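The block underneath contains the structure these notes are about, expressed in C-alpha cells.
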Amino acid sequence: AQSVTQLGSHVSVSEGALVLLRCNYSSSVPPYLFWYVQYPNQGLQLLLKYTSAATLVKGINGFEAEFKKSETSFHLTKPSAHMSDAAEYFCAVSSTGTASKLTFGTGTRLQVTL
Amino acid sequence: DGGITQSPKYLFRKEGQNVTLSCEQNLNHDAMYWYRQDPGQGLRLIYYSQIVNDFQKGDIAEGYSVSREKKESFPLTVTSAQKNPTAFYLCASSPTGGYGYTFGSGTRLTVV
C-alpha cells in the first residue's frame, strides 16, 4: 500500500519569498514521487519527478524537490515566489516496477500576495 | 502534438440521465485512468485500464462504467445510479513503468 500526506491545505507567501510545500509518503517498496500543478479549471501538469536517480530533482518554473528517505519526505521548494505560481499543487506516489498507478495527496493551494 | 483530449469541457446532466465523457490520447500509452475531483478531496480514482479490453475498478467506481475497445480511447459513462455526479472529471494516461501521468484538461459535469 502507498499513500501521501500533504501538510497544509492552504499556504500563503509574499511575492519573492521562499515557497515550501510539504509532502510525506508511505510506501512498502522504493517509490517514485511526483509533484503536479493545477491551475483553475485545467488538468494537472507535471512539475517534477523522482525515479531513484539523483535525490535533488529540478523541475519546471524554478521548482525543485529533495527526496529524503530517512524522513519519508519529498518537499517542494522554490527560492522566490511569483504571482503566476498561485495554483493548487499535488504530491503523488507510485510503486517502482511495472505498476504505474499513482496515489495523490489532497493538494495544497498556494496563494501569492504582493 | 501528442496529448490527451477530453470532451466536452462542460456537460450538464438531468436527473436520471446517463452521460458519457470522452477521453482520447495519441501518446501510445498503454494505461489510462479516470479521476473525480471535488473541492478539498483531491483526486479519487474511478476506473483504470492497463491494456485494451481490460479495466479495473478504482476507489469510487459505483455509478460509473467504462470501456476500452481501442488503445487510444477510454470513455466514462456516468449512470443514473451515481447520486452525486457534479464534479470535475480528469482523464490521464501513462506508459508502463511508473513514470507518471499525462492529464487531459478535464470535463466539468453539473446536474441540473
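Quick check on my filter: what residues within segment A:28-47 are within 16 Å of the chain's Cα centre (by Cα) and touching a residue at least 24 places away in the same chain (Cβ under 8 Å)?
To start, the set of residues in segment A:28-47 that are within 16 Å of the chain's Cα centre (by Cα) comprises A:31-39, A:43-47.
Of everything in segment A:28-47, those that are within 16 Å of the chain's Cα centre (by Cα) and touching a residue at least 24 places away in the same chain (Cβ under 8 Å) turn out to be A:Pro31, A:Tyr32, A:Leu33, A:Phe34, A:Trp35, A:Tyr36, A:Val37, A:Gln38, A:Tyr39, A:Leu44, A:Leu47.
Tally time: how many residues in segment A:43-102 are part of a loop (DSSP other than H, G, I, E, B) and more than 14 Å from chain B (Cβ to nearest Cβ)? Write out each step before concluding.
Step one: filter segment A:43-102 for residues part of a loop (DSSP other than H, G, I, E, B), giving A:43, A:51-55, A:59, A:63, A:69-72, A:79-82, A:86, A:96-102.
Subsequent filtering for residues that are more than 14 Å from chain B (Cβ to nearest Cβ) retains A:54-55, A:63, A:69-72, A:79-82, A:86.
Within segment A:43-102, residues that are part of a loop (DSSP other than H, G, I, E, B) and more than 14 Å from chain B (Cβ to nearest Cβ) number 12.
Pairs under 6 Å by beta carbon, first residue open to solvent by 50 Å² or more (accessible area, probe 1.4 Å) in segment B:99-112, partner small (Gly, Ala, Ser) and in a strand (DSSP E or B), six or more apart or different chains?
Short answer, once both residue conditions are applied: B:Thr102/B:Ser93.
So which of B:Ser22, B:Ser49 is of a type outside the set (A, V, I, L, M) and within 14 Å of B:Leu90 (Cβ to Cβ)? Step through it out loud before you land on a result.
Details: B:Ser49 fails: within 14 Å of B:Leu90 (Cβ to Cβ).
Checking each option against the conditions leaves just B:Ser22.
Can you find, within segment B:93-110, the residue that is farthest from the other protein chains (Cβ to nearest Cβ) among those that are more than 20 Å from B:Val19 (Cβ to Cβ) and part of a strand (DSSP E or B)?
Within segment B:93-110, the match that is farthest from the other protein chains (Cβ to nearest Cβ) is B:Ser93.
Which numbered condition in (1) away from chain A (no Cβ under 14 Å); (2) closer than 28 Å to A:Val37 by Cβ; (3) surrounded by fewer than 20 Cβ atoms within 10 Å (Cβ to Cβ) is the only one that B:Pro85 fails?
Status for B:Pro85: all satisfied but (3).
Which count do you get for residues in segment B:7-65 that are free of Cβ contacts under 8 Å to residues at least 12 places away in the same chain, within 9 Å of chain A (Cβ to nearest Cβ) and open to solvent by 60 Å² or more (accessible area, probe 1.4 Å)?
So the count comes out to 2.
Can you tell me how many residues within segment A:3-22 are within 18 Å of B:Arg44 (Cα to Cα) and either among the β-branched types (Val, Ile, Thr) or touching a Leu at 6+ places or on another chain (Cβ under 9 Å) (or both)?
Total meeting the criteria: 3.
Residues that are part of a loop (DSSP other than H, G, I, E, B), open to solvent by 80 Å² or more (accessible area, probe 1.4 Å) and among the aliphatic types (A, V, I, L, M): does segment A:17-40 have at least one?
Yes, segment A:17-40 has at least one match.
Could you tell me whether segment A:68-77 includes any residue that is farther than 12 Å from A:Cys23 by Cβ, at pLDDT below 95 and open to solvent by less than 60 Å² (accessible area, probe 1.4 Å)?
Checked segment A:68-77: no residue is farther than 12 Å from A:Cys23 by Cβ, at pLDDT below 95 and open to solvent by less than 60 Å² (accessible area, probe 1.4 Å).
Filter segment B:88-98 down to the residues that are crowded, with 18+ Cβ neighbours inside 10 Å and either closer than 20 Å to B:Asn26 by Cβ or in contact (Cβ under 8 Å) with a residue 60 or more places away in the chain (or both) and list them by number.
Listed by number, the residues that qualify are B:Tyr89, B:Leu90, B:Cys91, B:Ala92, B:Ser93, B:Ser94.
The values are calculated or read from the model by the stated rules, or taken from the named source; none is laboratory data. The model shown is predicted, which means the values in this text are computed figures rather than measured ones. Quick reminder, even Gly has a Cβ in these numbers, built from the backbone with ideal geometry, and neighbours come from all protein chains shown. Keep in mind that these areas ignore ligands, DNA and RNA; they rest on the heavy atoms of the full protein, side chains included. Shrake-Rupley method; radii C 1.70, N 1.55, O 1.52, S 1.80 Å.
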